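Peer 1: Handing you this structure, nothing more for now.
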Amino acid sequence: MKKGFTLVEMSIAMGLLSLLIISAFSLFSDSNWAFNSGTWKLSRQKDAQRFLLFFKEHIEKASHAYVLKADGSKEIIRNIDISIASNYYNKLASSTDTGIVFASSCTPVRESNKDLGIEEKVQGIWKGYSLECFKRKLAFVQTGDINKMPPSTPASSLAPNNSDIKLGDTNGDTLMVLEDVDSIGVFVKESEDSINLKRPEVLLTLQIVMTMPNSKTKISITEQITAKIHDRFLSQVVKGAATYPISSGRK
């Protein structure tokens, strides 16, 4: 006579099978999470490095507005500050919807100089820069259209009201966005070269921390880059308001 499995034996077998399935699923889940987190880190590190290089390339162009005179001398039209939200000035702070850095550059106005083949005065060309955070995204904007700068941009960081400075040149206007931004810091100090060579020059370091969304354990990446701003005194990189309203188009 054939014997069947008892209820106790069946229960034990089912329990062992359940444990095996749970273990296999847990192993698969852990492996999948490890793969996803590794992929995220690799992707975000590359994105962050591209973003930081873009920021450095453009912010290093920040300059005052000035005229190159016919005799070769330089005359300042107006000093243009770099403004940094005080919540992020020389400290790392959590991301929130706000403008963080505002700056401008102006190519020099050139007086006519027939000896150099410059028959008429050449206008300077203005470009504005803004670093803004919105919904854990960081956006860096370069634009020649003053209306595309955040309305909250401090006046001291915008172009002077001068007919010799051309506004509205949108050639080269560009925007770059970085996602999953958890914290930002902008650190400013005087360049040692500036001290040694007795010329104005500051170092501006942008540090960002990215965090993987919905991760069961916090996975973060920290990247930073330093830009060298020429012709700039430390007093001309100013600590502004705690936060600034951001552009409606980037909310």
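Peer 1: For region 49-60, indicate whether the set of residues that are touching a Ser or Thr at 6+ places or on another chain (Cβ under 7 Å), touching a residue at least 24 places away in the same chain (Cβ under 8 Å) and not in a helix (DSSP H, G or I) is non-empty.
Peer 2: no
Peer 1: In region 154-207, what count of residues is obtained for those that are farther than 20 Å from residue 89 by Cβ, of a type in the set (S, T, N, Q) and at pLDDT 90 or above?
Peer 2: Qualifying residue count, region 154-207: 3.
Peer 1: Residue check, residue 205 against (1) closer than 23 Å to residue 84 by Cα; (2) in contact (Cβ under 8 Å) with a residue 24 or more places away in the chain; (3) open to solvent by less than 50 Å² (accessible area, probe 1.4 Å), all met but one. Which one?
Peer 2: With (1) closer than 23 Å to residue 84 by Cα; (2) in contact (Cβ under 8 Å) with a residue 24 or more places away in the chain; (3) open to solvent by less than 50 Å² (accessible area, probe 1.4 Å) applied to residue 205, the lone miss is (2).
Peer 1: Go through 142, 207 for me and flag whichever is in a strand (DSSP E or B) and touching a helix residue (DSSP H, G or I) at 6+ places or on another chain (Cβ under 7 Å).
Peer 2: Selected residue: 142, the only one of 142, 207 that is in a strand (DSSP E or B) and touching a helix residue (DSSP H, G or I) at 6+ places or on another chain (Cβ under 7 Å).
Peer 1: Here's a follow-up. Name the single residue, out of those in region 157-209 being touching a Gly at 6+ places or on another chain (Cβ under 6 Å) and polar (S, T, N, Q), that is nearest to residue 53 (Cα to Cα).
Peer 2: 207
Peer 1: Would you call residue 232 at pLDDT below 95, under 24 Å from residue 90 (Cα atoms), open to solvent by 50 Å² or more (accessible area, probe 1.4 Å) and outside any strand (DSSP E or B)?
Peer 2: no
Peer 1: Between residues in region 78-103 that are modelled with pLDDT of 95 or more and residues that are of a type in the set (Lys, Arg) and part of a strand (DSSP E or B), which pairs lie under 9 Å by C-beta distance while being six or more apart or on different chains?
Peer 2: 83/239; 84/239; 85/239; 86/239; 89/239; 90/189; 90/239
Peer 1: Which count do you get for residues in region 128-162 that are small (Gly, Ala, Ser), touching a residue at least 12 places away in the same chain (Cβ under 8 Å) and surrounded by fewer than 17 Cβ atoms within 10 Å (Cβ to Cβ)?
Peer 2: 1
Peer 1: Being modelled with pLDDT under 90 and out of contact with any Asp or Glu (no Cβ under 6 Å at 6 or more places or on another chain) is the filter here; which residues of region 45-73 pass it?
Peer 2: 68, 71, 72, 73
Peer 1: Can you pull out every residue in region 208-229 that is charged (D, E, K, R) and either at pLDDT 95 or above or surrounded by 14 or more Cβ atoms within 10 Å (Cβ to Cβ) (or both)?
Peer 2: Listed by number, the residues that qualify are 223, 228.
Peer 1: Restricting the search to region 83-127, which residues are part of a loop (DSSP other than H, G, I, E, B), buried (at least 16 other Cβ atoms within 10 Å of the Cβ) and of a type in the set (Ser, Thr, Tyr)?
Peer 2: Passing the criteria: 95, 96, 107.
Peer 1: Here is a follow-up. Let me spell it out: the conditions are (1) part of a strand (DSSP E or B); (2) under 23 Å from residue 200 (Cα atoms); (3) touching a helix residue (DSSP H, G or I) at 6+ places or on another chain (Cβ under 8 Å), and residue 159 meets all of them except one. Which number is the exception?
Peer 2: Of (1) part of a strand (DSSP E or B); (2) under 23 Å from residue 200 (Cα atoms); (3) touching a helix residue (DSSP H, G or I) at 6+ places or on another chain (Cβ under 8 Å), only one is false for residue 159: (1).
The values are calculated or read from the model by the stated rules, or taken from the named source; none is laboratory data. Predicted, not measured: the structure shown is a model, and the values here were computed from it. Here Cβ is always computed from backbone atoms with ideal geometry, including for glycine, and neighbour counts include all displayed protein chains. Note: areas computed on protein heavy atoms with side chains; ligands, DNA, RNA excluded. Shrake-Rupley method; radii C 1.70, N 1.55, O 1.52, S 1.80 Å.
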